[in-house]
Amino acid sequence: MPPPALQNPFPGPRPYATDEADRFFGRAGERRDLAALVVANPLTVLYGRTGAGKTSLVCAGLVRELERAGFQVLPVARPGGLLPPGTDASQIRNVYTANVLMHWHRGELADIARHTLLSYLREMPQADAQRPLAVLLDQVEDLFTTHASQWEQRAAFMQELAECVAEAGRDRPLRVLLSIRDEQLAELERFAPLLPDLLRVRLRLDPLRVPAAIEVIDRAARGVFNRPDADKLAQDLARERVRVGDKLRLVPGEFVEPMQLQLACEEKWRRGGRSGALARPLDPDDALARFY
């Protein structure tokens with residue numbers, strides 16, 4: 001087994017967190033491109049299919065890049081999923097705003113329920129007032145997939161976001177990122193009139209290509225996995241099933257799904273990596289089947 005002192009560097013079926021930036025590999029180009037867009041534009045949209053790694057890129061990649069560029073970066077927030085248990089959403093001024101503010105505020109919901117996004121930002125302690133501010137909103141699809149009975153509050157939330165962007169530069173520079181699944185991108189377009197010309201700056205995130213997947217395996221494991229095993233695992237995960245006549249065949253593919261890669265690497269680590277010599281070959285399908 002790997003030496004006990006070594007922590008498993010693979011998060012498995014969850015995104016990388018902000019404090020795991022040192023273990024996040026394979027996205028150097030996307031990290032630089034996204035940071036450049038955010039620094040240069042008031043609002044940037046990151047989109048990609050489910051499981052492409054958007055949350056990991058934002059939390060473990062973009063946050064550090066913006067901090068290096070001198071930004072004060074607020075905690076990554078999402079417009080759904082953080083209200084305290086038992087909260088009556090119908091009694092909240094805007095349920096989507098409240099969800100975002102709960103990521104930024106450590107107190108009680110009652111302390112921030114009256115706020116809009118802009119009013120909260122204005123009342124924040126201004127110890128870093130000379131630094132530009134970054135607002136990173138992840139899983140913006142929550143706006144269209146949660147709190148169906150509060151659907152009328154969606155436009156109000158987008159209006160609050162537009163007010164934040166309009167105020168940018170008056171007190172301090174402000175940059176906003178919206179990260180969203182590509183299947184909900186059309187829903188976001190409905191609010192383009194509230195954000196004139198601001199939804200045009202976009203970056204699509206694809207799953208990992210095979211060389212990037214090999215980099216993830218090789219660098220994250222720091223030598224515990226040997227390179228031939230890393231190459232084979234990445235190639236196996238990139239294979240796609242296609243129908244040829246009446247049969248399904250496995251053919252080489254272009255992409256590796258990041259979550260599938262993490263699941264397979266997590267199992268490979270637990271089974272011994274290099275020192276265990278993988279007594280029986282690792283079939284990544286086994287790891288995926290057990291998880292599902």
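Rundown of residues vs (1) β-branched (Val, Ile, Thr); (2) surrounded by 21 or more Cβ atoms within 10 Å (Cβ to Cβ), yes/no style:
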{"residue": "Val63", "(1), (2)": "yes, yes"}
{"residue": "Leu66", "(1), (2)": "no, yes"}
{"residue": "Pro75", "(1), (2)": "no, no"}
{"residue": "Ala89", "(1), (2)": "no, no"}
{"residue": "Val95", "(1), (2)": "yes, yes"}
{"residue": "Val100", "(1), (2)": "yes, yes"}
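Applying a threshold of 7 Å to beta carbon distances and a minimum spacing of six or more residues, or different chains, the list of pairs starting in the range 129-156 at a residue that is hydroxyl-bearing (Ser, Thr, Tyr) and ending at one that is assigned to a loop (DSSP other than H, G, I, E, B) and open to solvent by less than 20 Å² (accessible area, probe 1.4 Å) reads Thr146/Gly80.
Among the residues of the range 40-82, those identified as free of Cβ contacts under 8 Å to residues at least 60 places away in the same chain, within 27 Å of Ala155 (Cα to Cα) and among the aliphatic types (A, V, I, L, M) are Ala40, Leu82. The residues of the range 49-61 that are touching a Pro at 6+ places or on another chain (Cβ under 9 Å) and open to solvent by 40 Å² or more (accessible area, probe 1.4 Å) amount to a single one, Arg49. Tallying residues that are part of a helix (DSSP H, G or I), more than 23 Å from Val210 (Cβ to Cβ) and open to solvent by 40 Å² or more (accessible area, probe 1.4 Å) within the range 6-48 yields 7. When the criteria are applied in full, Lys247 fails the requirement of being open to solvent by less than 20 Å² (accessible area, probe 1.4 Å) and charged (D, E, K, R). Of all residues in the range 56-99, those being out of contact with any strand residue (DSSP E or B) (no Cβ under 8 Å at 6 or more places or on another chain) and farther than 29 Å from Gly29 by Cα number 19. Across the range 216-239, the number of residues qualifying as open to solvent by 90 Å² or more (accessible area, probe 1.4 Å) and of a type in the set (Asp, Glu) comes to 0. Please indicate, with yes or no, whether at least one residue in the range 77-89 is outside any loop (DSSP other than H, G, I, E, B) and over 20 Å from Leu133 (Cβ atoms). Yes - at least one qualifying residue is present in the range 77-89.
The values are calculated or read from the model by the stated rules, or taken from the named source; none is laboratory data. Note that this is a predicted model, so its numbers are computed, not measured. Backbone-built Cβ (ideal geometry, glycine too); neighbour counts: all protein chains shown. We work out accessible area using only protein heavy atoms, side chains counted, and drop any ligands, DNA or RNA first. Shrake-Rupley method; radii C 1.70, N 1.55, O 1.52, S 1.80 Å.
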